[in-house]
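Student: This structure is in structure tokens; I'll ask about it shortly.
The values are calculated or read from the model by the stated rules, or taken from the named source; none is laboratory data. Note that the structure is a prediction, hence the values are computed from the model and not measured. Here the Cβ positions follow ideal geometry from the backbone for every residue, glycine too, while neighbour counts run over all protein chains shown. Just the protein is used for accessible areas: all its heavy atoms, side chains included, with ligands, DNA and RNA removed. Shrake-Rupley method; radii C 1.70, N 1.55, O 1.52, S 1.80 Å.
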Amino acid sequence: MMNKNIDWQNLGFSYIQTDKRFVANYKNGTWDNGSLIDDANIVMNECAGVLQYAQTCFEGLKAYTTKDGHIVTFRPDLNADRLISSCKRLEMPVFPKDKFIDAVTQVVTANADYVPPYGSGATLYLRPFMFGINSVIGVKPADEYQFRLFATPVGPYFKGGAKPITIKVSDFDRAAPHGTGNIKAGANYAMSLHAIVTAHNEGFDENMYLDPATRTKVEETGGANFLFITKDNKVVTPKSDSILPSITRRSLMVVAKDYLGLEVEEREVLFEEVKDFAECGLCGTAAVISPVGKIVDHGKEICLPSGMDDMGPITKKLYDTLKGIQLGEIEAPEGWIHRIK
Ligand code: PLP
Ligand code: COI
């Protein structure tokens, strides 16, 4: 097959419709087998559970062309597990793990022409999602659901790629204590929209959310977890029940410890400590690792010693090692790479 005529180097993070998507339906207590379809549009009742009470959750993962020309995805089993946790918390039927992996394989295979070439810096972003589709007017879970998975080629999440970004400490919360911050509910992202538009209008790239109960601890951003590097090269990441358990962050902690021999700590991180860190990065599937150069707290600037020009040295090592594993340049830990072609 031939790659599509796309300017891979200049892709941003936006939707480009691809040829095939996978659709499965849940009705009368069971999932059908599902199939690949051409139609990117969905027709549903005006009273569908997703439209009235936001009963929806999603996932995000990527397909890569490796150095030796294979097409792979990265730890899709963990996306399947996380979707299952999201479904349970939102009173949705779980989408089985084997069906999830099969849907990933089918969609990537059917859209292989859209997987960006090795070395282009772009990837094929996969968006699995599920929603309540039958009519629901009293507040209760739907009885019928649809699972879909589509693919779209993407470049860097933040314009400028690996250039350090500036973030602000948000006055808004994205998640409540004992709420849904630890699952990938669409509602969490709806909650964050006013905050991100406000941040952008004020000239910031993203928000740092603090813990909603005490506003003293670092949580995450609207779409990525935090990694901090101490001045003695320790990798520190916030632990909280109201942040999303990022697959990228969990992988980077393994990379830091086992590949780079660094000390790692997953623990509560007080906002008070942030001024003492040497480097800061945002990590996630879309963000990969985006370095943070400056954090602004109500006009008070915290400038990371790594500066505004380049990634800090430890962040760069983590980034290069993770990318190397995903692109087949560095041997991956057992089970991390799911080869499709
Ligand atoms: N935190 C939030 C709120 C996210 O939306 C994401 C993106 O999926 C992440 C963290 C990073 O998670 P992952 O590394 O699994 O993509
Ligand atoms: C991802 O990284 O896959 C996400 O879902 C984050 C979103 C902000 C695009």
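Student: What percent does the relative contact order of the range 8-154 come to when contacts are Cα pairs within less than 8 Å and at least six residues apart?
Tutor: 38 percent
Student: Any idea what the dipole of the chain comes to, in debye rounded to 20, about its Cα centre with Lys/Arg Cβ at +1 and Asp/Glu Cβ at -1?
Tutor: Using only the charged Cβ atoms, the result is roughly 320 debye.
Student: How do TYR259, TYR209 stack up against each other in accessible area, from largest to smallest, with a 1.4 angstrom probe?
Tutor: TYR259, TYR209
Student: Still on this structure, I have one more. Which translational diffusion coefficient, to the nearest whole µm²/s, is obtained for the chain from the Stokes-Einstein equation, given a Kirkwood hydrodynamic radius over C-alpha pairs, 4 °C and 1.567 mPa s?
Tutor: In µm²/s, the coefficient is 62.
Student: Follow-up. Could you tell me what a quarter of the Cα convex hull surface of the range 154-278 works out to, in nm² with one decimal place?
Tutor: 8.2 nm²
Student: Of the options ILE165, TYR15, VAL264, report the single residue whose Cα projects farthest towards the positive end of the charge dipole of the chain (beta-carbon charges: Lys, Arg +1; Asp, Glu -1).
Tutor: TYR15
Student: What is the percent carbon and sulfur in the accessible area of the chain, measuring with a 1.4 Å probe over the protein chains and ignoring ligands?
Tutor: 51 percent
Student: Right, next: Return one whole number: the accessible area per residue of the range 215-287 in Å², for a 1.4 Å probe. All intermediate terms of the calculation are to be shown ahead of the outcome.
Tutor: Values: 2800 Å² over 73 residues.
Here the per-residue accessible area is 38 Å².
Student: Report, in whole Å, the centroid distance computed from the Cα atoms of the range 47-76 and the range 113-129.
Tutor: Distance between centres, Cα-based: 12 Å.
Student: Also, I was wondering about something else. Take the range 8-154, drop everything but the C-alpha atoms, weight them equally and run the Debye formula without solvent; then report log10 I(q)/I(0) at 0.09, 0.14 Å⁻¹ to two decimals.
Tutor: -0.29, -0.67
Student: Something else now. Could you give the Stokes-Einstein D for the range 44-128 in µm² per second, using the C-alpha Kirkwood radius, 37 °C, 0.692 mPa s?
Tutor: On the way: Rh = 14.4 Å.
The estimated diffusion coefficient comes to 229 µm²/s.
Student: Expressed as a whole percent, how much of the Cα-Cα distance distribution for the range 166-220 exceeds 14 Å?
Tutor: The calculated P(r) of the range 166-220 puts 50 percent of pairs beyond 14 Å.
Student: Counting each DSSP H run of 4 or more residues in the chain as -39500 (n - 2.57), what helix-only mean residue ellipticity at 222 nm follows after dividing by all residues, to the nearest 500 deg cm²/dmol?
Tutor: That comes out to -6500 deg cm²/dmol.
Student: While we're here: Only Cα pairs under 8 Å and at least 6 apart count here; give the relative contact order of the chain as a rounded whole percent.
Tutor: Relative contact order of the chain: 20 percent.
Student: Which pairs break 26 Å Cα to Cα here: LYS239/LYS275; LYS140/LYS184; LYS234/LYS316; LYS168/LYS217; LYS20/LYS316? Intermediate results must be reported in sequence, preceding the final value.
Tutor: On the way: LYS239/LYS275 18 Å; LYS140/LYS184 19 Å; LYS234/LYS316 14 Å; LYS168/LYS217 14 Å; LYS20/LYS316 36 Å.
Where the Cα-Cα span goes over 26 Å, the pairs concerned are LYS20/LYS316.
Student: For the range 284-324, take N as its residue count and report Rg(C-alpha) divided by 2.2 N^0.38 Å.
Tutor: On the way: Rg = 12.0 Å, N = 41, 2.2 N^0.38 = 9.0 Å.
Taking N as the residue count of the range 284-324, the ratio is 1.33.
Student: If each Cα of the range 85-171 is one equal point scatterer, what is log10 of I(q)/I(0) from the Debye formula at q = 0.20 Å⁻¹?
Tutor: Evaluating at q = 0.20 Å⁻¹ gives log10 I(q)/I(0) of -0.97.
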